[in-house]
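Heads up: the structure comes next, in structure tokens.
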Amino acid sequence: QSALTQPPSASGSPGQSVTISCTGTSSDVGGYNSVSWYQQHPGKAPKLMISEVTKRPSGVPDRFSGSKSGNAASLTVSGLQAEDEADYYCGSYAGNNNFVFGTGTKVTVL
Amino acid sequence: QVQLQQSGPGLVRPSQTLSLTCVISGDSVSSNSAIWNWIRQSPSRGLEWLGRTYYTSNKWYSDNALSVKGRITVNPDTSKNQFSLQLNSVTPEDTAVYYCARGRMATGYDSWGQGTLVTVSS
């Protein structure tokens, strides 16, 4: 199972928006509404930010939103803040009890 | 609020067995609504789901990724409310930060342990 494809980096100024893409196939992202997104700060464990494509777990700011179209999913961070600088990973159910993560995107707040 | 606390050695010799434990507080390893997972992260392989265990319909289940099939065991320990990972015949490619996590493939992993860096080296 191949990793989902994400851009290596993305950036934006404070207050701006940044969107991260996550491209898979019809066997994973396109086949299920089971995309999740994770934020990871250096030396820390990943934190779930988006579940089931669009759902925000309790405590996650509404500046974070998710969407999906075909075989690609996206995470948008609106109103960028300094603490949003981190690595972001997508993940998707891939059928047959398989789960695949994305390659990761480093978000820099300029 | 669930908390996961990992323990285990940080150095394992090649061909030996990697063993890690994850102690659960704020939830139960026997919960019918929770699934308990092991995930690892390395620069070469990225984030990789390894395996899981869960209890449903009065029975324990476990399954694992094809990449480690035949080498991995994920077991619950109800007496200590914890679960464990054993990975046999390790090679330097198994060097990674290992995480335990609660969650489902369909909805994501909502609670994570602190991570354990395991280095495979002689």
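The values are calculated or read from the model by the stated rules, or taken from the named source; none is laboratory data. Keep in mind that what you see is a predicted model, and the values were worked out from it rather than measured. Cβ coordinates were reconstructed from backbone atoms using ideal geometry, including for glycine residues, and neighbour counts include every protein chain displayed. Note: areas computed on protein heavy atoms with side chains; ligands, DNA, RNA excluded. Shrake-Rupley method; radii C 1.70, N 1.55, O 1.52, S 1.80 Å.
Values computed for the structure shown
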read-out	value
Conditions (1) in a strand (DSSP E or B); (2) among the charged types (D, E, K, R); (3) loosely packed, with under 15 Cβ neighbours inside 10 Å; number of the one not met by B:Asp110	(3)
Some residue of region A:12-35 being among the small types (Gly, Ala, Ser) and within 20 Å of B:Ser111 (Cβ to Cβ)	yes
Qualifying residues in region B:97-107 (those that are more than 8 Å from chain A (Cβ to nearest Cβ) and closer than 19 Å to B:Ser44 by Cβ) - the one least open to solvent (accessible area, probe 1.4 Å)	B:Tyr98
Considering residues of region B:46-69 that are charged (D, E, K, R) and at pLDDT below 95 only, the residue surrounded by the fewest Cβ atoms within 10 Å (Cβ to Cβ)	B:Lys69
Selection count, region B:1-15, where residues are open to solvent by 50 Å² or more (accessible area, probe 1.4 Å) and under 24 Å from A:Pro57 (Cα atoms)	3
Selection count where residues are assigned to a loop (DSSP other than H, G, I, E, B) and within 14 Å of chain B (Cβ to nearest Cβ), scope region A:63-110	7
Answer from B:Ile72, B:Ile24 - the residue that is closer than 21 Å to A:Asn96 by Cα, open to solvent by less than 40 Å² (accessible area, probe 1.4 Å) and among the β-branched types (Val, Ile, Thr)	B:Ile72
Selected residue [farther than 21 Å from B:Asp110 by Cβ and surrounded by fewer than 17 Cβ atoms within 10 Å (Cβ to Cβ)] from A:Pro61, A:Pro57, A:Pro8	A:Pro8
Test: A:Val60 is more than 27 Å from B:Ala65 (Cα to Cα), within 13 Å of chain B (Cβ to nearest Cβ) and at pLDDT 95 or above	yes
